[in-house]
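No lab work stands behind these numbers, since they all come straight from the coordinates. In this text, all values refer to a predicted model and were calculated from it rather than measured experimentally. For neighbour counting, all protein chains shown are included, and Cβ atoms are generated from backbone atoms with ideal geometry for every residue, glycine included.
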Amino acid sequence: MSELRRLYEAQLLEAKLDSLNLALKELPVYEEYRKLQAEAAEVNKAAGLLAGRLEEQWKRLKYLELDMQKAEEESKTAQVLLYSGKVSNPKELAQLEAKAGSLQRERSKAEDSVLQAMEAAEETEKSLSACREKQQSLADRLHRLKTQAVLELSGLKEQIREHQQEREKLLAGISDKLLSQYRELQQRFRDTALVPVDGEVCGGCRVSLSTNLKNRLCNPAALQTCEYCGRILVP
Ligand SMILES: [Zn+2]
């Protein structure tokens, strides 16, 4: 392979390396990972709130159960007294009956409250358990994504290493003079410092080559540049 052709191949590799390095920084898996992380943070927050709510609901339920027990005992005592025959005065009996009735109503109110509190706590438990499942599934997905990202990264890095080695090999035989001219042109033209001649036009600026230049291109030993844009021409 001629010196110029080798340099041209190296330039192609450099363009490829640029895009690989860019891909390394902007892997789509990163964005996906960030989104999932944000989602997981939201779910964790919701789980924390639900756990806090459930704790409060359990506490309240305990109080309500104690109230209910107390109401049950008081109601029972009143009923026992009412039917014991110990109170025979009709006025006292009527009063006792009224009290027993009111205690009975309080008792069933307390029982209703306990039931309602139980149902509310069960609802919260269900929501919390759904939240925990979601947390687990997100954690699994994040783990899988991380594994995927590591694989993609190492694949890209391997490709970059191979391209770099290949480029070094190609550049090893290039004279310093050509190399410095190439680097200089690279500042202006990036990855089109060297361009192939495309038919009879410069592959960079698309301007037709003069007859004189076309003749000179027949001599592979001499380096030719486009008369219009200054890029090095690869015959
Ligand atoms: Zn040109």
| message | For the chain, take the longest principal axis of its alpha carbons; what is the angle in degrees between that and the long axis of helix 176-189, to the nearest 10 within 0 to 90? | response | 50
| remark: Length gained if ARG141 through GLU158 is fully extended, taking 0.36 nm per residue and subtracting the Cα-Cα distance, is 3.6 nm
| message | To the nearest 20 Debye, how big is the dipole of region 102-185 about its Cα centre, given +1 on the beta carbon of each Lys and Arg and -1 on that of each Asp and Glu? | response | 320
| query | Summing -39500 (n - 2.57) over the DSSP H runs of n ≥ 4 in the chain and dividing by its residue number, what mean residue ellipticity at 222 nm do you reach, to the nearest 500 deg cm²/dmol? | reply | -28500 deg cm²/dmol
| query | Do any cysteines of the chain lack a neighbour Cys whose Cβ is under 4.7 Å away, and which are they? | reply | CYS131, CYS218
| said: Between helix 28-82 and the chain, what is the angle of the helix's C-alpha long axis to the longest principal axis, kept within 0 to 90° and rounded to the nearest 10? | reply: 0
| query | If you take the charge dipole of region 1-71 about its Cα centre, with +1 on Lys and Arg Cβ and -1 on Asp and Glu Cβ, which of LEU24, ALA47, GLN69 is farthest toward its positive end? | reply | GLN69
| said: Please compute the modelled spin-label separation between SER180 and LYS86, points set 7 Å along Cα→Cβ, answer in nm with one decimal. | reply: 11.9
| query | Hey, quick one: spin label on LEU223, modelled 7 Å out along Cα-Cβ, who in region 155-184 has an amide N within reach, i.e. under 16 Å? | reply | 171-184
| request: Compute the long axis of helix 90-172 from its Cα atoms, compare it with the longest principal axis of the Cα atoms of the chain, and write down the angle in degrees, 0 to 90, nearest 10. | output: 10
| Dipole of the chain, positive direction: furthest Cα of SER137, THR211, SER154, with charges on the beta-carbon | THR211
| note | Once Lys and Arg are counted +1 and Asp and Glu -1 for all other residues with Cβ under 15 Å from that of LYS214, the total becomes -2
| request: Report the charge-dipole magnitude of the chain in Debye, nearest 20, computed about the Cα centre from +1 at each Lys and Arg Cβ and -1 at each Asp and Glu Cβ. | output: 620
| query | Among residues other than ARG167 whose Cβ falls under 13 Å from its Cβ, what is the net charge (Lys/Arg +1, Asp/Glu -1)? | reply | -3
